[in-house]
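Heads up: the structure comes next, in structure tokens.
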Amino acid sequence: MAKIIQRKDLFIVTKLWNNFHAFERAKQHIMDNLKQLQLDYVDLMLIHWPTSFDGKIGDPNTPPDHLETWKALEWAHKIGKVKSLGLANFNHKQIDHVLSGAKIKPVVLEAEMHPYYQQKKMKDYLKKNGMALIAYSPLANPGQNAERGFNVLTDPAISKIAKRHKKSNAQVTLRYAVQQNVAVIPKSSSPKRLAENMALFDFQLSDEEMKQMASLDRKKKMILMEHLKNHPQYPFNDW
Ligand SMILES: NC(=O)c1ccc[n+]([C@@H]2O[C@H](COP(=O)([O-])OP(=O)(O)OC[C@H]3O[C@@H](n4cnc5c(N)ncnc54)[C@H](OP(=O)(O)O)[C@@H]3O)[C@@H](O)[C@H]2O)c1
């Protein structure tokens, strides 16, 4: 018999894009987003980037305050359209600002994190503020970034650990994040690799292996959005 998946079995996340940070535009965008997804509600909605493009329509130097966008998310929560609220790509000062005025606190930050960019300070900061981290590009996007000189799939230190556990380098990399209570969203076009990336719960890295993984940090961010460097809300001049 075919297995029927119900809405309650799924956790659906969507994001609010940069063109819709102003309060009324954000509200409309949330409703349009749900309509496009053909959903009554989403489980989590994130502000995708702190860099608002609304300013270009009005004054590029005065983009809407993040709390304005946040209030639109709170409105959507209040009417039952979004269950939980979060941020993506915000730095700690920008998160502080949201926390300072939020009636409903962000539950999560989605940000780049992988063995070469481990985000120690951010992880500590989020823990202190009761927020979770979702690691994007958790495999450091090996296809695109191998030529930059780092690749989790061929890293000898990761290979050594993987061999010991009879797991792949990708699995050890993802397990390292999960074992720190970080959620991971690896992307794969292959069903086989998707399954591989979920098989993370039948082994455990030892304290020594966790230390070895920690030592791989190069504090090297891949996604810099350099074309937005002069934007007043550009996040990556700070952690
Ligand atoms: N919030 C944001 O601003 C933001 C920014 C960047 C990314 N993200 C999200 O984060 C997710 C993942 O990020 P990402 O795609 O940049 O990087 P990633 O997940 O670290 O790497 C994806 C690459 O890894 C390969 N791969 C996946 N599993 C593998 C495995 N088990 N063994 C070998 N290769 C494997 C994939 O190739 P195959 O397809 O061939 O398996 C793909 O080329 C995406 O859903 C993306 O939308 C969010």
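The values are calculated or read from the model by the stated rules, or taken from the named source; none is laboratory data. All values reported here derive from a predicted model rather than from experimental measurement. Note: ideal-geometry Cβ built from the backbone for every residue, glycine included; neighbour counts use all protein chains shown. The area values use the complete protein model at the heavy-atom level, side chains included, leaving out ligands, DNA and RNA. Shrake-Rupley method; radii C 1.70, N 1.55, O 1.52, S 1.80 Å.
The distance separating the Cα centre of the stretch 36-106 from that of the stretch 153-204 comes to 32 Å. The local environment of LEU126, defined by Cβ-Cβ distances under 13 Å, has a net charge of +3 under the rule Lys, Arg +1 and Asp, Glu -1.
Stretching the chain fully between ASN19 and LEU228 yields a gain of 73.8 nm (0.36 nm per residue, less the alpha carbon separation).
The per residue volume of the convex hull around the alpha-carbon atoms of the chain is 149 Å³. Applied to the stretch 224-239, the Karplus parametrisation 6.51 cos²θ - 1.76 cosθ + 1.60 on θ = phi - 60° returns per-residue 3J(HN,Hα) values of 10, 6, 5, 5, 9, 3, 8, 5, x, 10, 4, x, 8, 7, 9, 8 Hz, with x for Gly and Pro. A 1.4 Å probe run over the chain, with the rest of the protein chains in place, finds 55 Å² accessible per residue. If you plug the beta carbon distance of TRP75 and ASP207 into 1/(1 + (r/R0)^6) with R0 = 45 Å, you get a FRET efficiency near 0.50.
Between LYS103 and ASP124, what is the spin-label point distance in nm, taking each point 7 Å from the Cα along the Cα→C-beta axis? Taking the two extended label points, one gets 3.5 nm. Rounded to the nearest 20, the size of the Cβ-charge dipole of the chain about its Cα centre is 560 debye, with Lys and Arg at +1 and Asp and Glu at -1. Counting only whole DSSP H helices of the chain, the ones at least 15 Å long by C-alpha along their axis and with mean Kyte-Doolittle hydropathy no lower than -1.0 are 23-37, 66-78.
Modelled spin-label separation between ARG7 and SER189, with each label point placed 7 Å from Cα along the Cα-to-Cβ direction: 3.3 nm.
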